[in-house]
Structures are given as C-alpha cells and as structure tokens.
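Engineer: Provided herewith is a single structure, encoded as structure tokens, for subsequent inquiry.
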Amino acid sequence: MSGYDHATNVAAEPVARTGTGAVVPVEIRALAGPADYRACIELQYRTWGAGYREAVPATVLRITQKMGGIVAGAFLATGELAGFVYGLSGVYRGRSAHWSHMLAVAPEHRDQGIGYRLKLHQREQLERLGVEMMYWTFDPLVARNAHLNVNRLGVKLLEYVPDMYSDTGSDLHVFGTDRFVAQWPVRGVRVACAELNGVSLTAPVLNGRRMPAAGLLPATVRVEIPVDAESMRAHSLAELCRWREHTREVLPALLSAGYEVTGFYREGEHSYYVLSRCPS
C-alpha cells in the first residue's frame, strides 16, 4: 500500500485461514533481527517483482524504527512472514503525521484479513506515539483496495496524483502508477458526507463522457472501474490502459470541483466509486 500499499486485504479476521478452513494463528509484531529484515525484503520482491528498483533495504527499515516509524510483520506459527507494513513518521502541515509507504501480503495468504490487521496494528502503535494522522496511496483501479480503504477503513481521499511513482521496474506498474492519496485519522472515525442509497446507486456514470462544467453536474455521480484490474494486467493490458485514461480524466476533475468519494460498491460485473458534492 506503496506509497504503494498494494496488496491489502479486506476481511477483518483475528486469524488467517488456509484453503482447507484450518485456523492459523498470526502474530503481528515489530520486525527485529537480520532474519526478519531479509524476509521483508524477499516479500517486497515477491510482491512487486524481481525487477523492482524501489525495495526498502534493511538499513532504512532499522532507521525508520529508530525514528518512530512502523515496520511490523504478520508471522505464522512457523515463523514465516505472511505480510508486513512499513511507514515513516514526521510532521505534515504542522501536525504529527505518518506516511504508510508499503503494505504487502504474500499471495498465498491474501484475502484472509492480514492486511486489515496490519493496518489496525499500525494505527494502534501510532496512537501510542501521539501521531494524529496517517496517509498512504493506493491505485484507484484496484477494486480490492478501493473496498478496503473506502468501505472498511473509511478514509478520506484527498487527491488523485497521475503517475505518482513513474517507472519502478515492477510488472505491477506497467499500466501507470496513478494514485489516490488517502487520509485516515489515528483517533476516531471519519464520517463520510453521504451514505449509499437509491440516488447513489442510480447516479450518472461519467466514464467516457466529456466532463461538463461542475455547476451542471448533479450532487452525486459514479465512476466505474474494473472488477479485477489485477487479472486484466496479465490478459487485457490494452483495455486496462483505456480504463486508466478514462479515470485519469474524470476522478481528479471531480475532486477539484468539490466532490468527495463517499462510497464504493460492486454490482455484478461492475464496480463503482460514488462521489458526492459535500459542504465545505
């Protein structure tokens, strides 16, 4: 979850479950010692690919911990690192803040709630340190991450940044690195300015349309994204790039016009962001 926060998961479970339904305990703790750091670096390459040029080395992971950042892993009983979260702390706009730069879960352990648990652990540690706000980015086209961030965590999406990370050498980034910047309060829960309702589910879909003037748009609109961009990357890259072109035009324009992402949902083979014009 990158700046990539790529491989987040959506199920909030106290333990991970195997494909056979067996319950596997997961311990979430700070990385400590050479073996933990090596496992973290290996998981970075497993997640973003052998050609990835932005892997965080052990020295930076250690320094981050010394300076109040978070480097934590989800460990199975065997000692295997199933996932990790990494972020740096500092000051942003005069307030203590934390940038969650990476969250990754091994492919065989995804969709088991590990990503969600890592995020909650990160938040708990930051609250103890007195940090007020957390930020991270995620790809607007990845429905799995949109569901986690918008529906489960309730983040506020501050801005849309085209090609934020440029060429990282990762196969995951071959259709660009456009990102939403998410804001999440360390304490309390942000309440969206609207809830999904009949208007939300029937609002006009703006993909592929020429953007009218902001004053001519209804109070609530929708923007569609692929149901499974991750599979399309391997089999329908050209189509996925067209999705990127559509959303790159409409999403930042709506945010600039005072709209806020207030929901995300899937309906059959379609996935939609719901955006509403909110009071200042």
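Read the figures in this text as sums done on the coordinates, not as results from a lab. Source: prediction; values computed, not measured. For neighbour counting, all protein chains shown are included, and Cβ atoms are generated from backbone atoms with ideal geometry for every residue, glycine included.
Engineer: Using modelled amide H (1.01 Å from N, peptide plane; none on Pro or chain starts), what sits under 5 Å from the amide H of T177, excluding residues fewer than 5 places away?
Structural biologist: Result for T177 returns D163, M164, Y165, S166.
Engineer: Using amide H atoms built 1.01 Å from N in the peptide plane, name the residues 5+ places from S236, or on other chains, whose amide H lies under 5 Å from its own.
Structural biologist: Here nothing satisfies the definition.
Engineer: So which trypsin sites (Lys or Arg not before Pro) in segment 57-108 pass both tests, a DSSP loop state and at most 12 other Cβ atoms within 10 Å of the Cβ?
Structural biologist: Listed in order of number, the matching sites are R93.
Engineer: At q = 0.19 Å⁻¹, what base-10 log of I(q)/I(0) does the Debye formula yield for segment 193-280 when every alpha carbon is treated as an equal point scatterer in vacuo?
Structural biologist: Cα-only, vacuum Debye calculation for segment 193-280: -0.86.
Engineer: Please compute the Cα-Cα pair-distance distribution of segment 57-183 with 10 Å bins starting at 0, giving whole percents from short to long.
Structural biologist: 12, 40, 40, 8, 0
Engineer: Between segment 225-253 and segment 84-133, what's the alpha-carbon centroid distance in Å?
Structural biologist: 27 Å
Engineer: While we're here: Counting other Cβ atoms within 10 Å, keep those with at most 15, restrict to DSSP loop, and tell me which trypsin sites (Lys or Arg not before Pro) in segment 206-265 are left.
Structural biologist: R209, R210
Engineer: Here is a follow-up. Charges only on Cβ, +1 for Lys and Arg, -1 for Asp and Glu: so what's the dipole of segment 193-280 about the Cα centre, in debye to the nearest 20?
Structural biologist: Rounded to the nearest 20 debye, it is 280 debye.
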